[in-house]
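Note sheet for the following structure.
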Amino acid sequence: MSARRYDRRLGIKTVGLRERDGRSHYHRYEATPYEALDSLFQAYRFRKTRRVVDFGCGRGRVAFYIHHHFHVPVVGIEEHDQTYEEALNNKSSYRHKAMHIRAPIHLKYGLAEHYEVKAIDNCFYFFNPFSSKVFKQVVSNIMRSLDRDRRSADMILYYPMPEYKRILRHKTPFRLINKVRVSAACDKREKFLIYRLSR
């Protein structure tokens, strides 16, 4: 199914790129492909997930996909004002189609490193939304929350940057538990890495 058709099925518009000026620590908008998400969730199941956090959620594709398929609470964080407005419009039209799903879905405007990780947050998704410097700050915030309210948590990286992997390997107790390759992908980097902190 094409991305536009999948979008129409969910009642959203997420196709297309949005470039950045190159000076920002935040990267361009590019949604995770639907076929990649399909591959991920053939191999990964949410286990006792209280809430998923999508850092750099863009127009909300991952958040709406997860909410639609798994009926779990989701929060998306986006710092680009126009992209955030588009995500809000998507939420309005998506919710019209998904009124039967009781799990909440929230979109928050602001920098990822300023997001206060809540005790209910225990699955974190990243598609290279920002520099390794910002990622390190976000991971530090996650670790503080996990130490304050002790719980298990998963972290999912799509098309993982080497710097992200190094930070998780050397600066956190998260351990790699699975690699999920995207079906028919030509680029070997087109994969998901799933990390887990078990408590």
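The values are calculated or read from the model by the stated rules, or taken from the named source; none is laboratory data. Just so you know, these numbers come straight off a predicted model, no measurement behind them. Methodologically, a virtual Cβ is constructed for each residue, glycine included, from the backbone with ideal geometry; neighbour enumeration extends over all protein chains shown.
Below is a table of values for the structure above.
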| item | result |
| --- | --- |
| Test for Tyr195: is it aromatic (Phe, Trp, Tyr) and at pLDDT 95 or above | yes |
| Failed item, numbered, when Ala119 is tested on (1) under 24 Å from Pro162 (Cβ atoms); (2) touching an Asp or Glu at 6+ places or on another chain (Cβ under 6 Å) | (1) |
| Boolean, Lys179 is surrounded by fewer than 12 Cβ atoms within 10 Å (Cβ to Cβ), among the basic types (Lys, Arg) and in a strand (DSSP E or B) | yes |
| Residue list for segment 147-166, filter: within 15 Å of the chain's Cα centre (by Cα) and part of a loop (DSSP other than H, G, I, E, B) | Tyr159, Pro160, Met161 |
| Test set (1) more than 21 Å from Asn178 (Cβ to Cβ); (2) more than 13 Å from the chain's Cα centre (by Cα); (3) aromatic (Phe, Trp, Tyr) - Phe70 fails condition number | (1) |
| Qualifying positions in segment 41-66 - surrounded by 22 or more Cβ atoms within 10 Å (Cβ to Cβ) and hydrophobic (A, V, I, L, M, F, W, C) | Val52, Val53, Phe55, Cys57, Val62, Ala63, Phe64, Ile66 |
| Residues within segment 120-138 that are at pLDDT 95 or above, touching a helix residue (DSSP H, G or I) at 6+ places or on another chain (Cβ under 8 Å), of a type outside the set (Ser, Thr, Tyr) and in a strand (DSSP E or B), tallied | 2 |
| Residue list for segment 153-174, filter: in contact with a strand residue (DSSP E or B) (Cβ under 6 Å, 6 or more places away or on another chain) and surrounded by fewer than 18 Cβ atoms within 10 Å (Cβ to Cβ) | Pro173 |
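For (1) surrounded by fewer than 17 Cβ atoms within 10 Å (Cβ to Cβ); (2) part of a helix (DSSP H, G or I), each residue gets a yes or a no:
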{"site": "Thr32", "(1), (2)": "no, no"}
{"site": "Ala36", "(1), (2)": "no, yes"}
{"site": "His68", "(1), (2)": "no, yes"}
{"site": "Ser92", "(1), (2)": "yes, yes"}
{"site": "His100", "(1), (2)": "yes, no"}
{"site": "His106", "(1), (2)": "yes, no"}
